[in-house]
Structures are given as structure tokens and as C-alpha cells.
């Protein structure tokens with residue numbers, strides 16, 4: 001039977017800290033409880049860009065747990081976010097399956113759609129321009145040509161700056177929260193109309209479990225670990241049609 005773990009928007013800093021250790025322990029729990037699939041919906045790290053070896057050194061414990069899960073037979077799907085992308089060679093060497101954009105799966109006969117969720121707001125022109133720039137192939141060819149030591153000197157200070165900014169501006173106002181929740185639910189309704197039965201998104205940092213009225217179609221967003229919620233989901237669709245939202249133990 002399928003037993004699926006789902007996480008999104010952890011924003012782990014590129015240094016050893018309690019949150020990194022919490023995630024490593026959670027991955028060990030997934031292995032002990034025989035999770036069959038792990039879905040990582042992007043922005044797991046504050047910054048992870050490019051296939052540079054130093055990323056493995058920074059998160060050795062986490063990557064070792066990824067590899068152990070994969071060897072156990074757990075299928076790990078990693079969707080690129082807007083903080084972590086173009087690192088497919090590093091992660092695929094550990095047995096992960098890296099995907100950009102949208103990923104479709106069929107689980108226990110249910111049509112599932114997974115995405116980071118950063119393309120939901122089509123009116124955020126500034127962000128969409130930035131996303132197009134960071135995904136531009138020529139930029140990745142240039143950055144990819146850097147020797148690892150130079151990339152480390154450039155990217156790690158940037159990572160620390162992003163970490164500080166993320167933690168300083170992790171919240172939204174009640175009005176923004178309501179607006180974002182409505183926007184993502186409207187997107188979910190549109191996807192349900194197209195035949196999606198279980199939709200999993202991240203990015204907006206607004207936690208939500210929305211069930212379409214009169215149906216068993218649902219949309220799940222786990223919010224962000226920046227809020228201190230440490231949410232993750234376990235989904236066993238043969239037992240319950242809805243995922244169980246849990247909190248990782250500190």
C-alpha cells in the first residue's frame with residue numbers, strides 16, 4: 001500500500017542548525033516507518049543552485065538519509081522551487097527524481113498533481129520576470145562553468161543573506177493571507193475541472209487543506225517551516241482519502 005510523505009518550503013539554511021537536524025531525524029523516521037514515496041515540493045533549502053559538490057558537504061546528513069531512503073525502495077520526487085533549482089545531477093546521484101514545473105502521478109487510481117506553486121499567481125509580473133531570468137539556459141551555462149571553489153565563495157554569502165531575509169519577512173498580513181488562500185483555491189478548482197483529484201502545492205507559505213464541496217477532491221498546502229510549524233503530511237490513500245497533517249517533533 002502507498003504511504004506517502006509530503007514536505008514543502010522548509011527553507012533550510014546552509015549551515016548546521018536545529019532545523020536541519022530536525023529534518024534529518026524526520027527522514028530517518030520515514031525510513032523506519034517504511035514510507036513508499038517522498039514528495040518534496042520545492043524550497044526545501046534557502047539556496048541550492050547548480051550541481052556543485054560543496055552542497056553535499058553542507059548537508060551531508062540529509063543527503064545520506066535521502067540515499068538510504070532511496071536504497072530502501074522509497075521513490076523520492078523533488079520538485080524544483082524558486083530557491084533550489086538546476087541541481088538535478090547532485091540529487092539524481094542519490095536516487096532522487098528531480099522535476100521542474102508540474103508533476104503528475106496516479107496513486108491508488110487517483111489523479112494527483114504536484115507543483116511548487118510559484119506559477120499560480122499569473123499577475124505577479126515582477127516575480128515571473130525574475131523566474132524567467134533565473135531559469136535562462138545561458139545563465140546556467142555561465143554559472144555552471146564556475147569552478148566549485150569560486151561558486152562556493154559566491155553562493156554561500158548569498159545564501160546567508162537570503163536566510164536572514166527569509167526569517168525577517170516570513171509572515172503576511174491577514175488580508176494578504178486571505179487573498180492568497182482564495183487565489184490558490186481558485187487555481188485548485190480549475191485543476192479539479194481538468195480532472196485532477198489531489199493537488200499538492202507550496203510556495204505561498206499559506207497552509208490550507210481544502211476539500212471541494214460535495215466531492216473527494218482536495219488541495220493541500222503545508223505552508224512553511226519558517227513559521228515554526230514544522231508541518232509535513234502522511235498520506236495513505238487506501239486508508240483515508242485525505243492526508244494527515246502532522247508536526248515534526250523537535
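The values are calculated or read from the model by the stated rules, or taken from the named source; none is laboratory data. For clarity, every value in this text was computed on a predicted model and none was experimentally measured. With ideal geometry, Cβ positions are generated from the backbone for all residues, glycine too; neighbour counts draw on all protein chains shown.
Surrounded by fewer than 23 Cβ atoms within 10 Å (Cβ to Cβ), modelled with pLDDT of 95 or more, in a loop (DSSP other than H, G, I, E, B) and out of contact with any strand residue (DSSP E or B) (no Cβ under 7 Å at 6 or more places or on another chain): is that true of residue 34 in this structure? In short, yes.
Check whether at least one residue in the range 66-74 is within 16 Å of the chain's Cα centre (by Cα), closer than 18 Å to residue 20 by Cα, at pLDDT 95 or above and buried (at least 18 other Cβ atoms within 10 Å of the Cβ), and report yes or no. There is at least one residue in the range 66-74 that is within 16 Å of the chain's Cα centre (by Cα), closer than 18 Å to residue 20 by Cα, at pLDDT 95 or above and buried (at least 18 other Cβ atoms within 10 Å of the Cβ). Look at the range 138-176 and say how many of its residues are outside any helix (DSSP H, G or I) and either under 30 Å from residue 111 (Cβ atoms) or in contact with a helix residue (DSSP H, G or I) (Cβ under 8 Å, 6 or more places away or on another chain) (or both). Residues meeting the conditions: 4. For the range 71-95, residues that are touching a residue at least 40 places away in the same chain (Cβ under 8 Å) and over 23 Å from residue 162 (Cα atoms) total 3. Step by step: first the residues of the range 182-202, then only those that are in contact with a strand residue (DSSP E or B) (Cβ under 8 Å, 6 or more places away or on another chain) and assigned to a loop (DSSP other than H, G, I, E, B), then the one that is farthest from residue 81 (Cα to Cα). Which residue is that? Filtering the range 182-202 for residues that are in contact with a strand residue (DSSP E or B) (Cβ under 8 Å, 6 or more places away or on another chain) and assigned to a loop (DSSP other than H, G, I, E, B), the one farthest from residue 81 (Cα to Cα) comes out as 195. Checked against the criterion of being assigned to a loop (DSSP other than H, G, I, E, B) and over 22 Å from residue 108 (Cα atoms), the candidates 229, 215, 179 yield just one match: 229.
When the residues of the range 42-58 are narrowed to those that are touching a helix residue (DSSP H, G or I) at 6+ places or on another chain (Cβ under 7 Å) and closer than 19 Å to residue 10 by Cβ, which ends up surrounded by the fewest Cβ atoms within 10 Å (Cβ to Cβ)? Per the criteria, the residue is 56.
It is to be established whether one or more residues within the range 187-206 are buried (at least 19 other Cβ atoms within 10 Å of the Cβ), closer than 22 Å to residue 111 by Cα and in contact with a helix residue (DSSP H, G or I) (Cβ under 7 Å, 6 or more places away or on another chain). Yes; the residues of the range 187-206 include at least one that is buried (at least 19 other Cβ atoms within 10 Å of the Cβ), closer than 22 Å to residue 111 by Cα and in contact with a helix residue (DSSP H, G or I) (Cβ under 7 Å, 6 or more places away or on another chain). Scanning the range 93-127 for residues that are closer than 13 Å to residue 78 by Cβ, surrounded by 15 or more Cβ atoms within 10 Å (Cβ to Cβ) and touching a strand residue (DSSP E or B) at 6+ places or on another chain (Cβ under 6 Å) turns up 96, 98, 99, 103, 114, 115, 116.
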